[in-house]
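Enquirer: Below are the structure tokens for one structure; questions will follow.
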Number of protein chains: 2
Amino acid sequence: METVSENRCFGGVQGVYRHASAVCGCDMTFGLFMPPQAASGPVPLLWYLSGLTCTHENAMTKAAAQGWAAEAGLALCFPDTSPRGADIADDAAYDLGQGAGFYVDATQTPWAPHFNMWSYVTEELPRALDAAFPVDPERQAIMGHSMGGHGALTVAMNHPGRFASVSAFAPISHPVASDWGRKQFTAYLGADEGTWTRHDATLLMQAGGFDGPVLIDQGSEDQFLDLLRPGDLAQAMAARVQDGQFRIQKGYDHSYWFMQSFMEDHIAFHAEALGL
Amino acid sequence: METVSENRCFGGVQGVYRHASAVCGCDMTFGLFMPPQAASGPVPLLWYLSGLTCTHENAMTKAAAQGWAAEAGLALCFPDTSPRGADIADDAAYDLGQGAGFYVDATQTPWAPHFNMWSYVTEELPRALDAAFPVDPERQAIMGHSMGGHGALTVAMNHPGRFASVSAFAPISHPVASDWGRKQFTAYLGADEGTWTRHDATLLMQAGGFDGPVLIDQGSEDQFLDLLRPGDLAQAMAARVQDGQFRIQKGYDHSYWFMQSFMEDHIAFHAEALGL
């Protein structure tokens, strides 16, 4: 585990670290905020999965989450969104390849050797954090934005018991019915749509939902409403009376200005679910 | 006044605007956050002057000030740090030329035609804001970081009665005695050090100080302590019993992680001085 940088922040430490990832077959970089409470013992961990084109750095720098996390006593992990490197497959489009891992394990050429973000964020990186930092694996929650909201919701619903809560800003909500989904699942997982089901938040919500509270914020002026399909997820949540809230935030778009505006709510939501 | 972008943020609007600057002889871009309270009338204005290498965007994106400003009902203006353009003088060093205006009006070749950031931030941009946005020119305060802390302190002390309060993170405190100052003042203002005096916070503090409260935060692990010379300013403040506080923040460095950690304090300080 290589330390790229560490800066004092809200009485804790905002770090950036690099490690060799076996599942991605390359070095991976992530951000980790450790709150001041970590000085006296393991702290709960909130995952933040980012959206298309992002690295570990975007949300870490722009989402203004650290102050609220410090107050609550939560660690925040900001993983990258894909493997990266000159020798790793890529695509000219912003929504496929590097920066667009979609939180799946690819089975198709040329993606399969490196694009295994599902295993990375659910297995390899959690183990690496447990080994190197005072985080408590028994107290975790997860959130994300856009493609990362898709990631957070699908990871949470596929791992009952692991996360106390899940939240998302403007998640890709029904990828099997959207061009943000069909294109990438075809490329990474192949044409058999049966392999896509466990990576679709609306289908998972219909099939069983999440065993804890869910918080979704969606801006009314989001420029990607057609691709995100928030209505499908809201319908599925209401139909199964999922514990949680689906909030339309009037006037907000898809940007980090939206996320930072409601970050206090999301951190407080997870802190409460974690018993903080 | 051209609108580059506007995003809903904390119930207000984070905008970026571009306008033709006569004093800089080029188009200038700035960020302006208008809080929700601006919908019902003019609001007080807090200036944020940025440091070396920054554009209008760095503090706007990384300082996490908007939430506190929205709560207090303050507008925030983030000017650029210099004129910019391919046809405008520059220097290969990061600390001279574009991105390093030092908040002076240059009198020397080749800088004089464009490098007039003093007149820009004290006269031209305030007039442009008054004309285009519901800000109250009778209620202003000013803050900044590093080179922008130097700018905030020198602008405030040269304009008694204009600003209710001034604050700075890690300001360049005594530029006439530092390589962050002597080099730039020589280039922009010439060898006559008499022209430098009104641009030195420590000398201004010794000569008369500020007619309101002052708040300075300085990280103990700042990598530029030798260039910033915080002790000279602290000594001058204490010697004249200047209303205010000089705080050493243990473990913090020169970065935005430091600034965002104490932004709540600074906004609350200015809000109180403005009677909010």
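The values are calculated or read from the model by the stated rules, or taken from the named source; none is laboratory data. Computed from a predicted structure; not experimentally measured. Methodologically, a virtual Cβ is constructed for each residue, glycine included, from the backbone with ideal geometry; neighbour enumeration extends over all protein chains shown.
Enquirer: Within the stretch A:188-242, count every residue that is touching a residue at least 40 places away in the same chain (Cβ under 8 Å), of a type in the set (Val, Ile, Thr) and farther than 21 Å from A:MET263 by Cα.
Expert: Residues in the stretch A:188-242 being touching a residue at least 40 places away in the same chain (Cβ under 8 Å), of a type in the set (Val, Ile, Thr) and farther than 21 Å from A:MET263 by Cα: 1 in total.
Enquirer: Follow-up. Only one of these is under 25 Å from A:THR186 (Cα atoms) and touching a residue at least 40 places away in the same chain (Cβ under 8 Å): A:THR55, A:THR29. Name it.
Expert: Of A:THR55, A:THR29, the one residue that is under 25 Å from A:THR186 (Cα atoms) and touching a residue at least 40 places away in the same chain (Cβ under 8 Å) is A:THR55.
Enquirer: Looking for whichever is of a type in the set (Gly, Ala, Ser), surrounded by fewer than 15 Cβ atoms within 10 Å (Cβ to Cβ) and more than 14 Å from every other protein chain (Cβ to nearest Cβ) here; the options are A:GLY212, A:GLY194. Which one fits? Spell out how you get there, then give the answer.
Expert: Working: A:GLY212 fails: surrounded by fewer than 15 Cβ atoms within 10 Å (Cβ to Cβ).
Among A:GLY212, A:GLY194, only A:GLY194 is of a type in the set (Gly, Ala, Ser), surrounded by fewer than 15 Cβ atoms within 10 Å (Cβ to Cβ) and more than 14 Å from every other protein chain (Cβ to nearest Cβ).
Enquirer: Follow-up question, since we're still on this one. Among the residues of the stretch A:158-190, write down those that are under 18 Å from the mean Cα position of the chain (by Cα) and assigned to a helix (DSSP H, G or I). Walk me through how you get there before you give the answer.
Expert: First, the residues of the stretch A:158-190 that are under 18 Å from the mean Cα position of the chain (by Cα): A:158-175, A:180-181, A:184-185.
Residues satisfying the conditions are A:ASN158, A:PRO175, A:GLN184, A:PHE185.
Enquirer: Hey, another quick one. Do you know which residues across the stretch A:138-170 are among the charged types (D, E, K, R) and either touching a His at 6+ places or on another chain (Cβ under 8 Å) or crowded, with 24+ Cβ neighbours inside 10 Å (or both)?
Expert: none
Enquirer: Which one of the conditions (1) under 15 Å from A:HIS145 (Cβ atoms); (2) more than 14 Å from chain B (Cβ to nearest Cβ); (3) of a type outside the set (S, T, N, Q); (4) part of a helix (DSSP H, G or I) does A:MET263 fail to meet, given that it meets all the rest?
Expert: Going through the list (1) under 15 Å from A:HIS145 (Cβ atoms); (2) more than 14 Å from chain B (Cβ to nearest Cβ); (3) of a type outside the set (S, T, N, Q); (4) part of a helix (DSSP H, G or I), A:MET263 breaks only (2).
Enquirer: Just the residues that are within 9 Å of chain B (Cβ to nearest Cβ) and in contact with a Ser or Thr (Cβ under 6 Å, 6 or more places away or on another chain), please, taken from the stretch A:244-255.
Expert: Within the stretch A:244-255, just A:LYS250 meets the criteria.
Enquirer: Given B:GLN206, B:GLN223, B:GLN218, B:GLN235, which one is surrounded by fewer than 19 Cβ atoms within 10 Å (Cβ to Cβ) and within 14 Å of chain A (Cβ to nearest Cβ)?
Expert: The match here is B:GLN223.
Enquirer: I've got another one for you. If only one of A:VAL23, A:VAL4, A:VAL16 is among the β-branched types (Val, Ile, Thr), more than 14 Å from chain B (Cβ to nearest Cβ) and either assigned to a helix (DSSP H, G or I) or over 20 Å from A:HIS270 (Cα atoms) (or both), which one is it? Talk me through it step by step, then tell me what you get.
Expert: Numbers: A:VAL4 fails: more than 14 Å from chain B (Cβ to nearest Cβ); A:VAL16 fails: more than 14 Å from chain B (Cβ to nearest Cβ).
It is A:VAL23.
Enquirer: Quick check: anything in the stretch A:95-103 touching a strand residue (DSSP E or B) at 6+ places or on another chain (Cβ under 9 Å) and within 20 Å of A:GLU57 (Cα to Cα)?
Expert: Yes: one or more hits.
Enquirer: Could you please let me know if B:ALA93 is at pLDDT 95 or above and within 25 Å of B:ALA207 (Cβ to Cβ)?
Expert: no
Enquirer: Of (1) among the hydrophobic types (A, V, I, L, M, F, W, C); (2) outside any helix (DSSP H, G or I); (3) within 14 Å of another protein chain (Cβ to nearest Cβ), A:PHE258 satisfies all except one. Which?
Expert: For A:PHE258, the exception is condition (2).
Enquirer: Moving on. Mind checking which residues of the stretch A:26-66 are among the small types (Gly, Ala, Ser) and either assigned to a loop (DSSP other than H, G, I, E, B) or surrounded by fewer than 24 Cβ atoms within 10 Å (Cβ to Cβ) (or both)?
Expert: A:ALA38, A:ALA39, A:SER40, A:GLY41, A:SER50, A:GLY51, A:ALA63, A:ALA64, A:ALA65
Enquirer: Kindly indicate whether A:LEU32 is within 21 Å of A:LEU276 (Cβ to Cβ), of a type in the set (A, V, I, L, M, F, W, C), within 14 Å of chain B (Cβ to nearest Cβ) and touching a helix residue (DSSP H, G or I) at 6+ places or on another chain (Cβ under 8 Å).
Expert: Working: within 21 Å of A:LEU276 (Cβ to Cβ): yes; of a type in the set (A, V, I, L, M, F, W, C): yes; within 14 Å of chain B (Cβ to nearest Cβ): yes; touching a helix residue (DSSP H, G or I) at 6+ places or on another chain (Cβ under 8 Å): yes.
So A:LEU32 fits the description; yes.
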